[in-house]
Amino acid sequence: MRPSHLHYLKLLLLVALGGVTTTHVPLQDVPSSLKALPLDGHFSFQDVSAAARDFGNLSSFPPVAVLHPGSVADIATTVRHVFLMGEHSTLTVAARGHGHSLYGQSQAAGGIVISMESLQSNRMRVHPGASPYVDASGGELWINVLHETLKYGLAPKSWTDYLHLTVGGTLSNAGVSGQTFRHGPQISNVNELEIVTGRGDIITCSPEQNSDLFHAALGGLGQFGIITRARIPLEPAPEMVRWIRVLYSDFTSFTADQEMLISAEKTFDYIEGFVIINRTGILNNWRSSFNPQDPVQASQFESDGKVLFCLEMTKNFNPNDADIMEQEVNTLLSKLTYIPPSLFHTDVTYIEFLDRVHSSEMKLRAKGMWEVPHPWLNIIIPRSRIHKFAREVFGKILKDSNNGPILLYPVNKSRWDNRTSAIIPDEEVFYLVAFLSSALGPHNIKHTLDLNNKIIEFSDKAGIGVKQYLPNYTREQEWQSHFGARWDTFQQRKKAYDPLTILAPGQRIFQKASASLPLPS
């Protein structure tokens, strides 16, 4: 008999003997009822402050307990326990990976937070072969997945810009980066999931088995179950990367080149862009550690106070194929209309490139600049509206980009699996735009949030058709608008897999009848 089945039998026995009640448990009695559960791991009841923090540093909702699971069965037992407490219980459950949510989405006010990283140990298996894949825990960091798969000369196809996030966390959203135009987001690159539903059931699902739950959970914001394992397809990994950046002063040329590159059959392996708004005429270190093709002209290059647009690209290669890579890169660059002296490039290992944000993190941590508030705004914009959006936002609403990067790059809708819960515009090409601000002090936080609101308000009034990525809404009407025609399906799936609205309360999509979650401060 599987260990999870033994746990279920023990739990049901406790119910029969009165050890676990199916009626309301007063909040003060919750710790004792949780302590009675048969677990491989353990609960924390005193030191829960870390579970009330996240990367956004804008919300803090302490839970009543933190589960450090020793097995998937522990998660199922805990969720099942809360489910059996019935609809009158106020208790909710949130899965917390690396805590990289922005507005308390991985928190559970007065509920239970599950520390998913406790599941990392001994749950990753690489399966090489004709169709290689890796089975990884939902609490595993992508950087650890990369390290393990590289031992076999393999790697996943699709990434996020930052690899120190958990597998379950990114798959609950989408998981996007500069490879998305070619391979789709991470949620389009999954063969199988293991999920603990809001009833406490452990279900294995795939496009062929329990497919409705599989597609619901991918991009489902944690509403239908907790992802405890994911099977990720792999491909041969390159050894090296040619990393290139060029600048544009004209937004039309910048976007035209991006769109040409993502539609070409032979193109770069990674394509992103970002916006530089700097009225001083002195560029930020956008080219740090890069080598200019023409050092003399590059040293004289300044922004002249203009809004500039940086196109960032990579070409994967192995050292024996360096000459072929050079030819392919030069051919592609010859088709672009960037400012000639702004061409910079460097060659790095594959892992150095993929883990590039972590290098910046270490520098910021050393300066005490990492664990600050991050009032980020991540949005998706249809191609047909991107120019109207840019004219109003870059240089008008936003006067500078000194508080953090502004990413802007196109992807292809055809690479996204339209059966998942992720919401994207109904156009073949759309843009991912991310305002990744860091804020110091209450005034700066308010100023940044006000700018975010102005961007959203303008977009709504101008009919831009913006959809939020990592959405942050507080009213059901806003969520209905976000999901549009797919709202009814989303609701039906919620009733099927989490009928008591136990899971992921921090998303504020569904309100548990007996609970009242505070809004972000």
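Data table
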item	result
Selection from the range 456-492 of residues that are β-branched (Val, Ile, Thr), more than 25 Å from Asp212 (Cα to Cα) and either assigned to a helix (DSSP H, G or I) or without any contact (Cβ under 8 Å) to a residue 24 or more places away in the chain (or both)	Ile456
Test: residue in the range 39-50 that is in a helix (DSSP H, G or I), modelled with pLDDT of 90 or more, out of contact with any Asp or Glu (no Cβ under 6 Å at 6 or more places or on another chain) and closer than 30 Å to Ala439 by Cβ	yes
Selection count where residues are part of a helix (DSSP H, G or I) and either closer than 30 Å to Asn144 by Cα or among the charged types (D, E, K, R) (or both), scope the range 334-364	14
Residue match in the range 321-333 (condition: charged (D, E, K, R), loosely packed, with under 12 Cβ neighbours inside 10 Å and not in a helix (DSSP H, G or I))	no
From Leu311, Leu336, residue being in the same structural domain as Leu436 (by TED's automatic domain parsing), over 19 Å from Thr160 (Cα atoms), surrounded by 12 or more Cβ atoms within 10 Å (Cβ to Cβ) and modelled with pLDDT of 90 or more	Leu336
Odd one out for Thr166 among (1) without any contact (Cβ under 8 Å) to a residue 40 or more places away in the chain; (2) within 20 Å of the chain's Cα centre (by Cα)	(1)
Candidate set: the range 339-361, residues that are of a type in the set (Ser, Thr, Tyr) and out of contact with any Leu (no Cβ under 6 Å at 6 or more places or on another chain); chosen: the one surrounded by the most Cβ atoms within 10 Å (Cβ to Cβ)	Tyr350
Total residues in the range 427-455, condition free of Cβ contacts under 8 Å to residues at least 12 places away in the same chain and either part of a loop (DSSP other than H, G, I, E, B) or under 30 Å from His183 (Cα atoms) (or both)	1
Lys446 vs. criteria surrounded by fewer than 17 Cβ atoms within 10 Å (Cβ to Cβ) and closer than 30 Å to Gly395 by Cβ	yes
Whichever residue in the range 120-155 is touching a Ser or Thr at 6+ places or on another chain (Cβ under 7 Å) and within 12 Å of Pro233 (Cα to Cα) and, among such residues, is surrounded by the most Cβ atoms within 10 Å (Cβ to Cβ)	Val134
Any chance His88 is of a type outside the set (A, V, I, L, M), in a helix (DSSP H, G or I) and surrounded by fewer than 18 Cβ atoms within 10 Å (Cβ to Cβ)	no
Hits in the range 371-389 (condition: among the hydrophobic types (A, V, I, L, M, F, W, C) and in contact with a strand residue (DSSP E or B) (Cβ under 8 Å, 6 or more places away or on another chain))	Trp376, Leu377, Ile379, Ile380, Ile381, Ile386, Phe389
Residues (closer than 12 Å to Ile195 by Cα and part of a loop (DSSP other than H, G, I, E, B)) located in the range 221-238	Gly222, Gln223, Phe224
Counted residues, the range 397-418 - those being at pLDDT 95 or above, surrounded by fewer than 16 Cβ atoms within 10 Å (Cβ to Cβ) and within 20 Å of Glu457 (Cβ to Cβ)	1
Selection within the range 91-136 - part of a strand (DSSP E or B) and within 14 Å of Ile502 (Cα to Cα)	Val93, Ala94, Ala95, Ile112, Val113, Ile114
Matching option when the condition is surrounded by fewer than 24 Cβ atoms within 10 Å (Cβ to Cβ) and of a type in the set (Val, Ile, Thr), among Ile187, Ile203	Ile203
Residues of the range 399-419 satisfying the condition of being closer than 25 Å to Ser206 by Cα and among the hydroxyl-bearing types (Ser, Thr, Tyr)	Ser414
Residue match in the range 191-210 (condition: within 20 Å of Tyr162 (Cβ to Cβ), among the hydrophobic types (A, V, I, L, M, F, W, C) and touching a residue at least 12 places away in the same chain (Cβ under 8 Å))	no
Selection count where residues are surrounded by 18 or more Cβ atoms within 10 Å (Cβ to Cβ), hydrophobic (A, V, I, L, M, F, W, C) and under 15 Å from Lys388 (Cβ atoms), scope the range 450-471	3
Residues of the range 226-261 that turn out to be in the same structural domain as Trp159 (by TED's automatic domain parsing), over 20 Å from His183 (Cβ atoms) and not hydroxyl-bearing (Ser, Thr, Tyr), as a count	2
Hits in the range 182-207 - residues which are within 13 Å of Gly220 (Cβ to Cβ) and assigned to a helix (DSSP H, G or I)	Ile187
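The values are calculated or read from the model by the stated rules, or taken from the named source; none is laboratory data. No experiment lies behind these values; they were computed from the predicted model shown. FYI the Cβ positions are ideal-geometry reconstructions off the backbone, even for glycines, and counts take in every protein chain you see.
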